[in-house]
């Protein structure tokens, strides 16, 4: 099983990014940057080292609007990233291991990750969770992760839905007719694959991590490099094709409205560094909040 990548300490990483940005500014941007390894959808998660990461609180510490979630949909980390010059946006989600101390901390239950995307950054409030998420340029990217133990068997399926074609009311469902990607012409290798950590019944391990992505051409109109979008993650055990309830999901980030970014930045090296630094700062604030909650409740560690 692939060893878990080490998570950077947000404060030190933030200071390093800012220092490097200042250095680049002073030298006219002539210092060579070490690019991270390209993200490849293959179920090997080591290429996510150094990518922007958002930690989430454990289920017992979730905000009041998320108290109804099950531990099997409890998000631990939400990552996103891109490969320079490639028109794709990539995501990775880790859920918390099952507690109990038996060593069998994996989870075999399927989970559905929903990335709510404000395509044109039209939702002004940073805390409204995209209230009124029915604009013509709002989208829902769904990743269905079924931790199959069989190697080579696709355990991840991804599709994109246009927001006006689905509803958030309890008991409503995503209309398959509203799926705009994949299309009949989409290669299956783009929308499904063996991208999740398999669950191994004999050891009780696995089923916790998954990676997936979306090409820019999937959006209508197609997304362009440098455009600004906002998005956040929701996790649910309910298959959105059968039932979707909002807000009864685990959200990440859980204490503000979403993540704002411009994938495949056109700002140059200094702008890219400052962009990553901003992401690390938000991650640091999220960690600080989680630590405050845990300290206040007298809980140390997970």
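Readers should treat all values here as calculations from the given coordinates under stated rules, not as data from a laboratory. This structure is a prediction, so every number in the text was calculated from the model and none was measured. Heads up, the Cβs are rebuilt from the backbone with ideal geometry, glycines too, and the neighbour counts pull from every protein chain shown.
By how many nm would the segment from residue 175 to residue 99 grow when fully extended, if each residue of separation counts as 0.36 nm and the alpha-carbon distance is taken off? Could you put the intermediate results ahead of the total?
Numbers: separation 76, 0.36 × 76 = 27.36 nm, distance 3.56 nm.
Taking 0.36 nm per residue and subtracting the Cα distance, the gain is 23.8 nm.
Placing dummy labels 7 Å off each Cα toward the beta-carbon, the span from residue 121 to residue 224 is 1.4 nm. Most tightly packed first, judged by the mean number of other beta-carbon atoms within 10 Å of their residues, the peptides 205-212, 54-61, 154-161 read 205-212, 154-161, 54-61. Across the range 33-116, the fraction of Cα-Cα pairs farther apart than 18 Å, rounded to a whole number, is 53%. A Förster radius of 41 Å, combined with the Cβ-Cβ distance separating residue 71 from residue 183, puts the computed FRET efficiency at roughly 0.70. Subtracting the Cα-Cα distance of residue 150 and residue 46 from their residue separation scaled by 0.36 nm leaves 35.3 nm.
Provide the packing ranking of 193-201, 42-50, i.e. peptides ordered by the mean count of other C-beta atoms within 10 Å per residue, highest first.
Numbers: 193-201: 19.9, 42-50: 15.9.
In decreasing order of mean packing, 193-201, 42-50 become 193-201, 42-50.
Would you list 148, 189 from fewest to most Cβ contacts within 10 Å?
Working: 148 18, 189 9.
With the sparsest Cβ surroundings first, the list reads 189, 148.
Obtain the nm distance between the two label points defined at residue 202 and residue 243 by a simple spin-label model: each point lies 7 Å from its Cα along the Cα-to-C-beta direction. So the label points at residue 202 and residue 243 sit 3.6 nm apart.
Relative contact order of the range 60-102, taken over Cα pairs closer than 8 Å and 6 or more residues apart, is 37 percent.
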